[in-house]
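The values are calculated or read from the model by the stated rules, or taken from the named source; none is laboratory data. Please read all numbers here as calculations on a predicted model, not as lab measurements. Glycine gets a Cβ as well: all are built from the backbone with ideal geometry, and neighbour counts include every protein chain shown. For the accessible areas, the whole protein counts, side chains as well, though only heavy atoms, and no ligand, DNA or RNA atoms are used. Shrake-Rupley method; radii C 1.70, N 1.55, O 1.52, S 1.80 Å.
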Amino acid sequence: QVHVIESGGGLVQAGGSLSVSCAASERTFSSYAMGWFRQAPGKEREFVAAISWSGESTWYADSVKGRFTLSRDTAKNTVYMEMKYLNPEDTAVYYCAALCQGSCRQVKEFANWGQGTKVTVSS
């Protein structure tokens, strides 16, 4: 069983930056793509970004492209997401997801989820 734990998040003003990270508990982390999703109050959980097992490929939702950047450190079993130019629409609970099989853009394709970390962007 792979467990993922998010950290980071918090409160930031519009236009600011924030980073979140996701640590996985087992070495199998390195063999699968990892992803980030977010869920705003009253809304469905939506795809944000994902990174391949090697870290060489990343893909992003259109809403965050150019503002969010993913990276991973395989030795530390950790994925990092840097978020810039944040706006109030980015306010949500951000979830890390592991063990993806498929396009890695859908909730159902990920087997393990963290508890989430809250990001609040004030206007």
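At-a-glance table
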| quantity | calculated |
| --- | --- |
| Looking only at the range 103-123, and only at residues there that are in a strand (DSSP E or B) and open to solvent by 60 Å² or more (accessible area, probe 1.4 Å), the one that is farthest from Gly10 (Cα to Cα) | Ala111 |
| Test: residue in the range 22-33 that is touching a Lys or Arg at 6+ places or on another chain (Cβ under 6 Å) and either closer than 20 Å to Trp113 by Cβ or assigned to a loop (DSSP other than H, G, I, E, B) (or both) | no |
| Leading residue by the ranking (nearest to Lys118 (Cα to Cα)) among those in the range 73-102 that are of a type in the set (Asp, Glu) and in a helix (DSSP H, G or I) | Asp90 |
| Pairs where the first residue, in the range 1-25, is open to solvent by 50 Å² or more (accessible area, probe 1.4 Å) and the second is among the acidic types (Asp, Glu) and part of a strand (DSSP E or B), C-beta under 6 Å, 6+ apart | Ser19/Glu82 |
| Which numbered condition Thr78 fails, given (1) open to solvent by less than 40 Å² (accessible area, probe 1.4 Å); (2) out of contact with any Phe, Trp or Tyr (no Cβ under 8 Å at 6 or more places or on another chain); (3) under 30 Å from Ser123 (Cα atoms) | (3) |
| Among the residues listed as Asp62, Asp90, the single one being farther than 16 Å from Glu6 by Cα, open to solvent by less than 50 Å² (accessible area, probe 1.4 Å) and modelled with pLDDT of 90 or more | Asp90 |
| Residues of the range 34-51 satisfying the condition of being under 12 Å from Arg105 (Cα atoms), part of a loop (DSSP other than H, G, I, E, B) and open to solvent by less than 30 Å² (accessible area, probe 1.4 Å) | none |
